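Heads up: the structure comes next, in structure tokens.
Any read-out appearing in this document is the output of simple, stated calculations on the displayed coordinates, not a laboratory observation. Everything numeric here is computed off the predicted structure, so don't read it as measured data. Reconstructed Cβ throughout: ideal geometry from the backbone, glycine too, with neighbour counts over all protein chains shown.
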Amino acid sequence: MIANPGEVIKNQMTQVPWLFSLLVSGLSFTLFFLQTGLDMYRTGQIEVLYLILITVLGLLYGTVGVALIAVLAWALSQASERNYTIKWAISSFSLGYSATLVYALLGVIFSLTLGWKTAVAFGVTGVLWALRPAMFTIRQMSGERVAFSIVLTTLCGAILLFGWAQLGRFGF
């Protein structure tokens with residue numbers, strides 16, 4: 001999915017169970033939010049309890065949040081008219097966060113071993129890498145409408161990053 005998302009989305013997504021794909025996005029955002037929490041913990045902004053809370057919010061955001069974004073994109077793309085199911089859309093969107101998972105895992109490693117603040121450098125970068133697979137998914141669901149795909153991908157990415165920013169302030 002990282003190297004050639006268009007090919008995976010066109011030919012192999014029916015073979016990937018949507019729950020497995022949702023696990024990829026769930027773990028990606030769990031680690032991304034953990035990075036955010038570690039950065040905030042190191043600067044004295046939060047206590048350990050909030051670090052745990054932010055991490056759990058990441059799991060929910062990466063599963064429920066990504067699934068809702070996928071359903072929104074599915075509906076706006078009129079994907080049902082092209083015989084794409086909601087499960088297919090959720091699976092495609094979720095698996096698109098495989099690059100985010102790699103970046104988030106590296107960010108947590110650098111954060112824990114070197115004490116770096118990594119949420120923006122690794123976490124946000126990973127989310128941005130996921131926009132390419134999202135665009136291919138939307139383009140496929142929308143019947144190859146490129147301009148529409150770019151606009152909707154931008155909107156989905158903005159919603160995800162705005163949500164992360166808001167949840168990162170949760171309770172503070």
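Observations on the structure shown:
- As a proxy for reagent exposure, Arg82, Arg132, Arg169 were ordered by neighbouring Cβ count within 10 angstrom, fewest first; the result is Arg169, Arg82, Arg132.
- Peptide ranges 32-43, 138-149, 94-105 listed from the most packed, as the mean C-beta count within 10 angstrom indicates: 94-105, 32-43, 138-149
- Only the Cβ atoms of Lys and Arg (+1) and of Asp and Glu (-1) were treated as charged; on that basis the dipole of the chain about its Cα centre amounts to roughly 140 debye.
- Comparing Cα centroids, the stretch 93-172 and the stretch 45-78 end up 11 angstrom apart.
- Size estimate for the stretch 27-76 follows the Kirkwood approach: the inverse of mean 1/r over distinct Cα pairs works out to 11.4 Å.
- MRE, 222 nm, helices only [DSSP H, n ≥ 4, -39500 (n - 2.57), over the chain, to nearest 500]: -22500 deg cm²/dmol
- Projected-area mean, the chain, by convex hull of Cα positions, square nanometres: 9.2 nm²
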